[in-house]
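Written below as structure tokens is the structure these notes are about.
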């Protein structure tokens, strides 16, 4: 289990996360919902240990290590004049046949320079790399941004596949319907902490909230 306890994060005397706690079981998909500026990305950066924080984060009762996480950021950076094929060469944890399946699923022009990809294609490329890392914890920050209709349904399948592989999956989205389609639970982030956790049978209550 991933245990996040009493996380505090401050930036320039501003408290962004204020005693945030959350537990996520293996083989579970948790959606993170909150207004812009609520601290969703800050929480992900904290899990990835990119920002200083107080509190504890444990994985299977031991301190969480960054190398246990694969992290799909909202905006992905790619070096100029790098092809999709060259980018994916950095990600080799999966077996060769599994990696080939992932690459074929996204149907990307891997011989082309990434700088000529559309935003949706770049998102797919970054996601393919993340999946090839094969880590036990997967964090996806606004993965549906800029992705076309077909890509959205591929994402649904992939997120469910991660669940079937018994991984911890945490996904944020401002498109609430995408969370309804994929998540076992949805955590509402307000005022720097988890205000409430909604189970599937309670998702309809979220339609009354504005984001």
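The values are calculated or read from the model by the stated rules, or taken from the named source; none is laboratory data. Nothing here was measured: the structure is a model prediction, and the numbers come from that model. For neighbour counting, all protein chains shown are included, and Cβ atoms are generated from backbone atoms with ideal geometry for every residue, glycine included.
It is to be established whether one or more residues within the stretch 138-150 are out of contact with any strand residue (DSSP E or B) (no Cβ under 7 Å at 6 or more places or on another chain), farther than 25 Å from residue 62 by Cβ, touching a residue at least 24 places away in the same chain (Cβ under 8 Å) and assigned to a helix (DSSP H, G or I). Step through it out loud before you land on a result.
Going through the stretch 138-150, the residues out of contact with any strand residue (DSSP E or B) (no Cβ under 7 Å at 6 or more places or on another chain) turn out to be 144-150.
Narrowing further to those that are farther than 25 Å from residue 62 by Cβ: 144-150.
Still in the list and also touching a residue at least 24 places away in the same chain (Cβ under 8 Å): 144-148.
Filter again for assigned to a helix (DSSP H, G or I), leaving none.
No: zero hits.
Being out of contact with any strand residue (DSSP E or B) (no Cβ under 9 Å at 6 or more places or on another chain) and over 30 Å from residue 209 (Cβ atoms), is that true of even one residue in the stretch 42-55?
Within the stretch 42-55, none of the residues are out of contact with any strand residue (DSSP E or B) (no Cβ under 9 Å at 6 or more places or on another chain) and over 30 Å from residue 209 (Cβ atoms).
Quick one: in the stretch 62-78, which of the residues that are in a loop (DSSP other than H, G, I, E, B) and in contact (Cβ under 8 Å) with a residue 40 or more places away in the chain is farthest from residue 1 (Cα to Cα)? Lay out the reasoning, then the answer.
In the first step, residues of the stretch 62-78 are kept if they are in a loop (DSSP other than H, G, I, E, B); the result is 64-65, 73-78.
Then drop every residue that is not in contact (Cβ under 8 Å) with a residue 40 or more places away in the chain, which leaves 64, 73-74, 76, 78.
Numbers: 64: 11, 73: 23, 74: 25, 76: 28, 78: 33 Å.
Out of the qualifying residues, it is 78.
Among the residues of the stretch 79-90, how many are free of Cβ contacts under 8 Å to residues at least 40 places away in the same chain and either closer than 20 Å to residue 17 by Cα or not in a loop (DSSP other than H, G, I, E, B) (or both)? First the steps, then the outcome.
Kept after step one, since they are free of Cβ contacts under 8 Å to residues at least 40 places away in the same chain, are these residues of the stretch 79-90: 79-83, 85-86, 89-90.
Adding the requirement that they be either closer than 20 Å to residue 17 by Cα or not in a loop (DSSP other than H, G, I, E, B) (or both) leaves 83, 85-86.
Number of matching residues: 3.
Here is a yes/no grid of residues against (1) outside any strand (DSSP E or B); (2) surrounded by fewer than 15 Cβ atoms within 10 Å (Cβ to Cβ):
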{"site": "17", "(1), (2)": "no, no"}
{"site": "22", "(1), (2)": "no, no"}
{"site": "26", "(1), (2)": "yes, no"}
{"site": "30", "(1), (2)": "no, no"}
{"site": "38", "(1), (2)": "yes, no"}
{"site": "41", "(1), (2)": "yes, no"}
{"site": "50", "(1), (2)": "yes, yes"}
{"site": "56", "(1), (2)": "no, yes"}
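Restricting to the stretch 156-167, what's the tally of residues that are over 27 Å from residue 7 (Cα atoms) and part of a helix (DSSP H, G or I)? Before the answer, list the steps.
Here is the first cut: in the stretch 156-167, the ones over 27 Å from residue 7 (Cα atoms) are 156-158, 160-161, 164-165.
Adding the requirement that they be part of a helix (DSSP H, G or I) leaves 156-158, 160-161, 164.
Looking only at that region, the number is 6.
Is it the case that the stretch 65-74 has a residue that's over 30 Å from residue 12 (Cα atoms), loosely packed, with under 13 Cβ neighbours inside 10 Å and modelled with pLDDT of 90 or more?
Step one: of the stretch 65-74, the residues over 30 Å from residue 12 (Cα atoms) are none.
Scanning the stretch 65-74, I find no residue that is over 30 Å from residue 12 (Cα atoms), loosely packed, with under 13 Cβ neighbours inside 10 Å and modelled with pLDDT of 90 or more, so the answer is no.
Which residues, counting only those in the stretch 148-173, are crowded, with 19+ Cβ neighbours inside 10 Å, farther than 18 Å from residue 88 by Cβ and in contact with a helix residue (DSSP H, G or I) (Cβ under 7 Å, 6 or more places away or on another chain)?
Scanning the stretch 148-173 gives 159, 169, 171, 172, 173.
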